Amino acid sequence: MNLLEKSLFSTLKSIATQNIVSHYHNLQQHRTIVKVRLKWVKNRGLDHIIDVQTDLKAACLLKDAIVRSPVGYLTAKSLADSQKLLGLTVPTLRFIRRYPTLFEEFPHPKYQSLPCFKLTQIAKILHDQELKVFEDNQSDLVERLSKVLMMTTNRMVALQSLHPLKWDLGLPDDFDKRFPDHFRIVKGTNGLVCLKLVQWPEKYAASELQKMNDDSSPLAGYREFKRGKAALEFPMSFPRGYGAQKKVKAWMDEFQKLPYISPYEDSRGIDPNSDLMEKRVVGVLHEFLSLTLYKKTKRNYLRSLRKELYLPDRFTRIFTRYPGIFYLSLKCKTTTVALREGYRRGRLVNPHPLTCHRDKFHHVMRTGLIYRSKGVDILPHLDNVLDEEENELTDEEEIELTEECDGTSDAETGSDED
C-alpha cells in the first residue's frame, strides 16, 4: 500500500467513524445490546502478583518515609498507626523487621527501649538508582501525568486524589512541583488544591488502543475497514470457558461494533444510559489502567476520580461485566482492578524501567526475608544480587506463576455489586 492509498484509507476510516458516532448522537440513544450476567472467576496468577506487589509497595513507601524524615529514621511509635495506610495485613513493626537487608533496627539515641529504623547501605544505593530512573524518564513522566489530566473534564485533579496514585503511575514525590512548564498548582472550585494542565498537548491525545491500531499493518487495517469494522476493538482474554459461550460471544461482537469514543474527547453530549456511553466508560478505564506501570490500581482510587473522569455513579460494575478486559482481585483485604492484556503468562508485558528497578528492590527484600535470622552479612555484593535476579530467579518465578494461571478453571466464583 503506497502513501496515497494509506492517506485515502485513513480519511475514509475517519469519515466512517465520525458518521457512525454522529448517527448515535442524532438518534434517541437507548440500550439495545442484550447483556449476559457473568460470574466472577478467580485468577491465581494475577492474585499472586498483586499479593507480592502489596509488600513491595509498602516497603518502598517506608523507604521514602525514612528518606523524607529530617532525622533519617522512623521510630516504632511513629509506625504504630500506618498498617492500613500501607495496605498491610500484618502490623507494620512486624513487617519492617522481616527485611533487615533494607531496614536496620537500632535503639533510639535518647530512649533506649524505643526501636528505630534507618535504611541500610544497600537500600540507600537502590534509592539513588531510583532517582536516576526518574531523571532519565522525565519526558515519559510528563506524558503520563498529562494524559491523566487530559481525560478529566476541567483538565485538573485534586492532589489528594493524585497522591495515592504515585506508586501506580510511577510519579516522584515532587511530581506536583517538578514540571512547572506543564502543570501548575491551583485552587479548585471545591476549595481543594489541584494540579492543572497548563496547555493541551495535542501530541498526547491518542489513547493506547488507538496507538495499538496505528501500529498494525495498514493493509490489515484496510481489510478490516472493507469488512465494515470501522470501530476499534478492545483486546479480550476471557477466563477459560467464557469465550466459547454463544451468548457471551454474541454480546461481545455487538459491543465491539459500537464506535470507539476516545477518552480525550468531550463525551458530555452522549446519553448516559446508552450502550455508546458504556463503551466510552470502558475506554476511559482501559486507558487509565494502561497509563499505570503495572496496568492495575485499587478500585477506590478510581472512585475518587469518578466526577473528574465523567463516570456514572455505579461505574465499577463495568469490571465484572467485561471480564475479558478487566480482572477484579480481592487479595490483601482490598479490591484491585487489573488490565488482562497487561500480563502474559504471569509476566508484565513491556515493563517500564521503573518496574525493572523495583524488581531489584524486591530481590533485596526477599533475600532479607530468607536470611533474616543471620543478619545482613549474608547479603552478597549489590552487583552479584542484581545478576542473580536477572539470570536465575526470574525463570523460576515465571514457571511458578504459569502453573498458577493454568489452575484458574477451578477458581472460585462470586460477584461484585457496588
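When region 191-205 is filtered for residues that are in a loop (DSSP other than H, G, I, E, B) and free of Cβ contacts under 8 Å to residues at least 24 places away in the same chain, the ones remaining, listed by number, are Gly191, Val198, Gln199. For Glu278, the conditions (1) farther than 21 Å from Gly170 by Cα; (2) out of contact with any Gly (no Cβ under 8 Å at 6 or more places or on another chain); (3) exposed (fewer than 15 other Cβ atoms within 10 Å of the Cβ); (4) not hydroxyl-bearing (Ser, Thr, Tyr) are fulfilled apart from (3).
Note on region 123-156: residues that are over 26 Å from Thr367 (Cβ atoms) and either of a type in the set (Gly, Ala, Ser) or touching a Gly at 6+ places or on another chain (Cβ under 9 Å) (or both) total 8. Among residues of region 170-185 being surrounded by fewer than 22 Cβ atoms within 10 Å (Cβ to Cβ) and within 17 Å of the chain's Cα centre (by Cα), the one that is nearest to Pro351 (Cα to Cα) is Leu171.
Listed by first and then second residue, the pairs linking a residue in region 148-168 that is of a type in the set (Phe, Trp, Tyr) to a residue that is open to solvent by less than 10 Å² (accessible area, probe 1.4 Å) and assigned to a helix (DSSP H, G or I), with Cβ atoms under 9 Å apart and 6 or more places separating them unless they lie on different chains, are Trp167/Cys60.
Condition check for Arg94 on (1) among the basic types (Lys, Arg); (2) at pLDDT 85 or above; (3) open to solvent by 60 Å² or more (accessible area, probe 1.4 Å); (4) touching a Gly at 6+ places or on another chain (Cβ under 9 Å): one failure, at (4).
Count of region 147-157 residues, restricted to those that are basic (Lys, Arg) and assigned to a helix (DSSP H, G or I), is 1. Residue under question is Asp64, and the condition is that it be without any contact (Cβ under 8 Å) to a residue 24 or more places away in the chain and either acidic (Asp, Glu) or in contact with a His (Cβ under 6 Å, 6 or more places away or on another chain) (or both); does it hold? It is false that Asp64 is without any contact (Cβ under 8 Å) to a residue 24 or more places away in the chain and either acidic (Asp, Glu) or in contact with a His (Cβ under 6 Å, 6 or more places away or on another chain) (or both). Is there a residue being open to solvent by 20 Å² or more (accessible area, probe 1.4 Å), under 27 Å from the mean Cα position of the chain (by Cα) and not hydroxyl-bearing (Ser, Thr, Tyr) anywhere in region 116-124? There is at least one residue in region 116-124 that is open to solvent by 20 Å² or more (accessible area, probe 1.4 Å), under 27 Å from the mean Cα position of the chain (by Cα) and not hydroxyl-bearing (Ser, Thr, Tyr). Looking across region 186-195, just one residue is surrounded by 14 or more Cβ atoms within 10 Å (Cβ to Cβ) and out of contact with any helix residue (DSSP H, G or I) (no Cβ under 7 Å at 6 or more places or on another chain), and that is Gly188.
Does Arg321 qualify as being over 12 Å from the mean Cα position of the chain (by Cα) and surrounded by fewer than 18 Cβ atoms within 10 Å (Cβ to Cβ)? Spelling it out, it is not the case that Arg321 is over 12 Å from the mean Cα position of the chain (by Cα) and surrounded by fewer than 18 Cβ atoms within 10 Å (Cβ to Cβ).
Among the residues of region 233-257, the ones that are over 23 Å from Ala338 (Cα atoms) and crowded, with 20+ Cβ neighbours inside 10 Å come to 0 in all.
Residues in region 123-137 include at least one that is at pLDDT 95 or above and under 24 Å from Trp200 (Cβ atoms).
Annotation note: of Glu135, Glu143, Glu105, the sole residue that is open to solvent by 20 Å² or more (accessible area, probe 1.4 Å) and touching a Pro at 6+ places or on another chain (Cβ under 6 Å) is Glu105. Only residues that are touching a helix residue (DSSP H, G or I) at 6+ places or on another chain (Cβ under 6 Å) and not in a helix (DSSP H, G or I) were counted in region 158-178, giving 2.
The values are calculated or read from the model by the stated rules, or taken from the named source; none is laboratory data. Everything numeric in this text was worked out from a predicted model, so none of it was measured. Quick reminder, even Gly has a Cβ in these numbers, built from the backbone with ideal geometry, and neighbours come from all protein chains shown. For accessibility, only protein heavy atoms count, side chains too; no ligands or nucleic acids. Shrake-Rupley method; radii C 1.70, N 1.55, O 1.52, S 1.80 Å.
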